[in-house]
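Undergrad: Just passing along the structure, written as structure tokens.
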Amino acid sequence: MASRTTAATGVALGVLGAAQWLGVRAPRNARPGVALTATAALLGVARAAGLGRDDLGLAPSRLRAGARLGGAPAALVGVGYAAGAALPTTRALFADRRAARTLPGALRQALVDVPLGTVLLEETGFRAVLPALLRERCGTAGADALAAALFGLWHVVPSGALAEANPALARASGGGARPGRAATAAGNVVVTAAGGALFGLLRRRSGSLLAPALTHTALNAFGYLAAYAVRRAGAPSRPR
């Protein structure tokens, strides 16, 4: 069994690596398809390794608990983003050039690109399949910690665009300085690993993948909507 889970872990990491390689090179409209295909492959790996719905947080009986524990922080994220985008002192943090310039585009990012192109794959990989595969060898706490660290490292490549896309946020992560690419990547890894640990806690406490998925979706989707609102309000793209 240990050899099977070790092999399955390697395959799962390979699927995630291939998905990221394809995702950054595929046209934006094709990225949800890449993520859906990779998600299906990860679930196939989990099934071949003998994992069931309970192991992955996919049991229907835990959906209510997942909605309850994930819905509350998701709502808080929405309130916090609305306040941050409205306040002059924090508005520049939401002036992100990756956000769409039109309302239909922003809604597509929030309702399609985030849940299907980002959250589904990342939650399946880093909060369901990898922790379940690692649990036998590392224990529950160790598996969650390692999955969170891998989740942070997963964001090294996307962090490359942060300094250009959102200068104010990059400055904030660098303590007010103008961070280089390496410093930005390091800061992004730390922040996302911490986020991964929080998502893992929600997954463990609720027994459902829905809890971290709701919070994760809120963090990304509301971010795009807040960026669109700031752009519409005429916020400068670079802080003075």
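Undergrad: What does the charge count around residue 116 come to, taking other residues whose C-beta lies under 15 Å from its C-beta (Lys +1, Arg +1, Asp -1, Glu -1)?
TA: 0
Undergrad: While we're on this one: Solvent-accessible area per residue for the chain at a 1.4 Å probe radius, Å²?
TA: That works out to 51 Å² per residue.
Undergrad: Continuing with this model, one more query. What percentage of the solvent-accessible surface of the chain, computed with a 1.4 Å probe over protein heavy atoms, is contributed by carbon and sulfur atoms?
TA: 65 percent
Undergrad: Let me ask something additional. Where in segment 125-146 is the amide nitrogen less than 18 Å from a point lying 7 Å along the Cα-to-Cβ axis of residue 201?
TA: The answer is 127-128, 140-146, whose backbone nitrogens lie closer than 18 Å to the label point.
Undergrad: Where the convex hull is taken over the Cα atoms of segment 88-160, what is its projected area averaged over directions, in nm²?
TA: For the Cα atoms of segment 88-160, the hull's average projected area reads 6.7 nm².
Undergrad: Moving to a separate point now. So what is the relative contact order for segment 45-167, in percent, with contacts set as C-alpha pairs under 8 Å and at least six apart?
TA: 29 percent
Undergrad: Report residue 214's accessible area, 1.4 Å probe, all protein chains in place, as a number in Å² to the nearest 10.
TA: 60 Å²
Undergrad: If DNA, RNA and ligands are ignored and the probe is 1.4 Å, what is the ranking of 103, 76, 225 by accessible area, most exposed first?
TA: 76, 103, 225
Undergrad: As a test of reading the structure, rank 155, 216 by solvent-accessible area (1.4 Å probe, protein chains only), most first. Don't jump to the answer; show the numbers that get you there.
TA: Values: 155 30, 216 10 Å².
Order by accessible area, largest first: 155, 216.
Undergrad: Keeping all protein chains in place and using 1.4 angstrom, which order do 190, 77 fall into by accessible surface area, from largest down?
TA: The ordering from most to least exposed comes out as 190, 77.
Undergrad: Also: Give a quick list of trypsin sites (Lys or Arg not before Pro) in segment 120-154 that DSSP marks as loop, anything other than H, G, I, E or B, with at most 12 other Cβ atoms within 10 Å.
TA: When the trypsin sites (Lys or Arg not before Pro) of segment 120-154 are filtered for loop state and at most 12 Cβ neighbours within 10 Å, nothing remains.
Undergrad: For segment 44-123, state which trypsin sites (Lys or Arg not before Pro) are in a DSSP loop and have at most 15 other beta carbons lying within 10 Å of their beta carbon.
TA: 97, 98, 101
Undergrad: What's the extension gain from residue 64 to residue 86 if we count 0.36 nm per residue and subtract their Cα-Cα distance?
TA: Difference between extended and current length: 4.6 nm.
Undergrad: Using only protein heavy atoms and a 1.4 Å probe, report how much of residue 3 is accessible, in Å² to the nearest 10.
TA: Residue 3 has an accessible surface of roughly 90 Å² with all protein chains in place.
Undergrad: Looking at (1) 18.5; (2) 21.3; (3) 17.2, which value of Kirkwood radius over Cα pairs in Å comes from a calculation on the structure shown?
TA: Computed from the coordinates, Kirkwood radius over Cα pairs in Å corresponds to (1).
Undergrad: Please report the net charge: other residues with Cβ closer than 14 Å to the Cβ of residue 68, K and R +1, D and E -1. Write down the numbers at each step before the final one.
TA: Numbers: positive: 62, 64, 203, 205; negative: none.
So the surrounding residues net to +4.
Undergrad: When the helix-only estimate is applied to the chain (DSSP H runs of n ≥ 4, each -39,500 (n - 2.57), divided by the residue count), what is the mean residue ellipticity at 222 nm, nearest 500 deg cm²/dmol?
TA: -22500 deg cm²/dmol
Undergrad: Take every Cα pair under 8 Å in the chain that's 6+ residues apart, average their separations, divide by the length, and report that relative contact order as a whole percent.
TA: The normalised contact order for the chain reaches 34 percent.
Undergrad: Label-point separation (nm) for residue 76 and residue 28, each offset 7 Å from Cα along Cα-to-Cβ?
TA: 3.2 nm
The values are calculated or read from the model by the stated rules, or taken from the named source; none is laboratory data. What you see is a predicted model; the values in this text were computed from it and never measured. Cβ coordinates were reconstructed from backbone atoms using ideal geometry, including for glycine residues, and neighbour counts include every protein chain displayed. Calculation scope for accessible area: heavy atoms of the full protein, side chains included, ligands and nucleic acids excluded. Shrake-Rupley method; radii C 1.70, N 1.55, O 1.52, S 1.80 Å.
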